[in-house]
Amino acid sequence: MVEQNQPVDVGKEQIQPYKKAIDGILTEKFQLHGKSNLPELIRQIDEEEPHIMSDLERTTYLALRDGMQIFKTISSQLSDKSGLRKKLASAPITELDSPEIHKLKDFCYNFAAYAASLYVSKKLDQAIAAQIDVEAKEEDKTYLSQLRLDTTRPEEGVIFQLLAPVYTRLVEHLDHDREILKSPYAFPIFVKEVFEKYAELAKEKKDRYPSLEKEHINGYRFRIMDDFLAIEGYEDKSIPTVKPMEQKITFRPIDPNEIVGNLSSKRKITRTVERLVLYDFTKQKNPILELGGLPWSTLLDGLPGTGKSSMFRMAMTLLHEYCQQLGLKYYVFTVDPSIKDEYYGKTGKILLERLSVTKDPNALSLGIFDDLDLLTTTRRDAQGADNDINNIIMQYFDGVFTQRLGNVTNYGATNKPTGLDNAMRNRFNDRMLVDGPTTSYDFADLLMLECKDLVTNKLLRIEHGKGYKPFTTQDFRRADGTWTAQDVVSYMADEFVKYKKASILDFGEFMEKLKEKNPSITGRSAKAIIESIHERCADFNIPREWFSNKAKFFDLPYARKVQKLSELYNPITPEILFQEAQRYADSEQRYAQKETEEEVGIGYKSRIWNLQAEIQFLEEQLGEGISSDYGKLIMLKSILQDRMDEGLKTIKEAYEKAEKTDKSKK
């Protein structure tokens, strides 16, 4: 077991040691009327196919087998932690039913039975729902009322007890000329409902041993079978399972060469998409994850009209083109304010449906979270469905159950990053400023691009201007995969040359100083900085020939892919650490400054409105002949005029400063 507040993994690796023992029980040990082989009994359900299991029957058998392995795994973990195993090993035969051992067995085996039963029932519920649109139930429920769960038995005896109704129903079916399980769904539905009842019976014993539960169960989250089931104590904390919703998205494709400005973000998005398609579908892992350089989530921050939507379209276009070329399955899903529904609870369901496509390890996924400042709110302002949205998205981006296989990348966009909850903003590993066209050359290139039809037909009869050659300052992709512009990754490189000989500890001290200036820099911030460092290390372009000739990369074994990629990486020198740390800190400081300015602005306007309201109220009283404080009215008007004069003075000073700056540049 692990320390409290940490997850306890009960996955394929943990249950594997018990597979042989459970297989022995399911095929030989358990005897009922001379019949012991469960797979054989299941195969004989259908008289027309007595030697073949249907897909649903196979799923049912595997759910039972995995469930019993889960029982063994958890009972073993608790037996070790509670001391039951030692007591059983050292106690004389006459004391194996002592009150202390009786209590420990009941505690350990009951919780293991709860977890195993809940897993089996949920697994079958999902499998049945995938084939039947309506909720399926057994009509005759009498057998459920007869079920009992005695967890004071020996461990194997509890397993036999859990399996007994399954064997009984199968034997009865064969003995009655196969008249009991008439539909293909009857057996899976029966097993599902049996184990639902067992989970219910086990949960009824909750709080029977409060001191044992407090010490060994409470505060632990059991993550069962790759997070398919998550339980804390006797509470199911799993993320609701929903049917994946594949969106039909239409968009106007856009080529990277059609985007003006945004040099850094254009290159980074192109690289991200190219690295995403390197995912190994056999290994179900992207080889680039071994050394890093594929961001899981990126926040695009920029004013309206700077090109965030164009960046999304570019990413979707590139993914579509590469997947068409390589024959890969992919999804694009969007999450925006349109998911909000008037009915509480439905918004969360819609959101989960959108996100569920990312659980498919046999497909690539590109997530677009647009207008995040309108979709989510700060915790202070969140209500109802907003809390659902915030919680689901934050858990998706960086929660206990977040798995990163390298087949998914996500982009979020906001016009107002300060409108996001701080925790939400920090969930994004990478930050990307999208500032659009900024220079005179950018705006000139934008005119040439948007008027290309006029240019082609020689209808744009305007001189280029001295020294201007269209698009020479833009970052375009050459045929060989390289870029026309110089590297745009480095940040304040000259300023950080002094750190060339710095140590790891120097970096730690630098981070400490940044945190002193801005307390919002946390461990998650450090992880985001480390992600950026990995990207700097991965400052390379994927060779174009890898995509045109699959034998060069895609057909290679996973280990060889990792080796080929490792040859492209660049070493990380000390100054890069400091550059990325400062870049992140500046980003946070910019957000904090914006937030402060907005709050001050709101407060200032509020005070002006309050003054105006008070003045209006006093004036109305005087107008109606009601006794009022005339002196107070005059004073308030004077204060309001002073405030307005101060505001005008500030604006005038700002204009004068801007004019002086502009003249000095010229």
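Readers should treat all values here as calculations from the given coordinates under stated rules, not as data from a laboratory. Keep in mind the model is a prediction, meaning the values are calculated, not measured. Quick reminder, even Gly has a Cβ in these numbers, built from the backbone with ideal geometry, and neighbours come from all protein chains shown.
Normalising the average separation of contacting C-alpha pairs (under 8 angstrom, six or more residues apart) by the number of residues puts the relative contact order of region 6-60 at 17 percent. Residues whose amide H comes within less than 5 Å of that of S365, counting only those at least five positions distant or on another chain, are Y331, V408, T409 (H built at 1.01 Å from N in the peptide plane).
Which pairs break 21 Å Cα to Cα here: K29/K197; K268/K469; K123/K359; K192/K214; K12/K359? Violating the 21 Å limit, Cα to Cα: K29/K197; K268/K469; K192/K214.
Simple rule: put +1 on each Lys or Arg Cβ and -1 on each Asp or Glu Cβ in region 402-471, find the dipole, and look at N429, A413, L446; the Cα lying farthest toward the positive end is N429.
Placing +1 on the Cβ of every Lys and Arg and -1 on the Cβ of every Asp and Glu, with nothing else charged, gives region 34-162 a dipole about its Cα centre of roughly 880 debye. Here L459 and S338 are evaluated by their C-beta separation; at R0 = 30 Å the FRET efficiency comes out at 0.15.
Using a simple spin-label model with points 7 Å from Cα along the Cα→Cβ vector, what separation in nm is obtained for D555 and L174? Placing both labels 7 Å along Cα→Cβ, they lie 4.9 nm apart. Rounded to 0.05, the FRET efficiency of the E235 and N422 pair, given R0 = 35 Å and the Cβ-Cβ distance, is 0.75. Near L299, the amide H atoms lying under 5 Å from its own belong to G412, D430, R431, M432; only residues 5 or more places off or on other chains count, and H is placed 1.01 Å from N.
Summarising the label geometry, the points placed 7 Å from Cα in the beta-carbon direction at H320 and E509 lie 5.4 nm from one another. The phi torsions of region 144-161, fed into the Karplus equation with coefficients 6.51, -1.76 and 1.60 and a -60° offset, translate into couplings of 5, 5, 8, 6, 10, 10, 10, 9, 9, 6, x, 3, 5, x, 5, 4, 4, 5 Hz, rounded to whole numbers, with Gly and Pro shown as x.
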